[in-house]
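Accompanying notes for the structure given below.
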Amino acid sequence: MRSGGTLVGTRARLLAAARAEFAAHGMGGARVGRIAEQAGVNKERIYGYFGSKEQLFAAVVAEALTEHAELLGLPEGDPGEYAGRIYDLHRGNPQLLRLMMWESLHYGTGGLPNARQRAERYRATVDALAAARGSGSEETTGSPATLLALIGIAVLPTAFPQLTRLVLGLPEPGAGSAAEAGADAEGWDDAELRAGIVTLARRMTAHP
């Protein structure tokens, strides 16, 4: 008889292997056989634990979003630094953004798994952002759009590195000057770009 620890370990290995596979290939391109091979288990285990490839994808995204929320925390104090934390988190964990982009392509305008729970989490984030900016009704009403704007400026460089290089006027990776001191693998100075995002976020959220 399998122990609870074995069950948890097998499920965790499957989720880890599936996260890498789905982040690289999306729902359509991911292969159950590769996931099982990387996890070191029989392919039928995936269906036993998760029911289907799509349910496995939903479980992977849910786990990644929970980790993201725990690492990021809620907005408090300076909204600019909150945008900086979003930037840092996605730069250090690009898999989550890839998973969400694949999710968007897969579901389109259709319903999402666990949509209610995810909406509640964002509602808590909006409320925390409103509290950080002030308690007036204007701050509460405008905070959903403000949160979208903060997320947008913070994740864009990770989501679209080619666009970031073009806008910043940087050479393509490996073109020599891109390897200057302070530049990361994409060719820009992370600290400098982060500082610009933080400054812009502060301007966006400043009271008139």
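All of the numbers you see were taken from the coordinates with simple rules; none came from a lab. The shown structure was predicted, so the numbers you read here are calculated from the model rather than taken from an experiment. Glycine gets a Cβ as well: all are built from the backbone with ideal geometry, and neighbour counts include every protein chain shown.
Structure notes:
- Placing +1 on each Lys and Arg Cβ and -1 on each Asp and Glu Cβ, with no other charges, gives the chain a dipole about its Cα centre of roughly 900 debye.
- Averaged over residues, the count of other Cβ atoms within 10 Å places the peptides 38-47, 95-104 in the sequence 95-104, 38-47, highest first.
- Cα long-axis angle, helix 79-92 against the chain (0 to 90 degrees, to the nearest 10): 40 degrees
- Longest to shortest principal axis, alpha-carbon extents of the chain, angstrom: 64, 51, 33
- In degrees, nearest ten, helix 4-29 long axis to first principal axis of the chain (Cα): 60 degrees
- Angle of helix 190-205 to the longest C-alpha principal axis of the chain, folded into 0 to 90 degrees and rounded to 10: 70°.
- Cβ-based charge dipole, the chain, positive-most Cα from GLN117, PRO79, GLY92: GLN117
- Put simply, region 1-57 fits an ellipsoid with semi-axes of 20, 11, 9 Å; these come from the alpha carbon gyration tensor as the roots of five times its eigenvalues, largest first.
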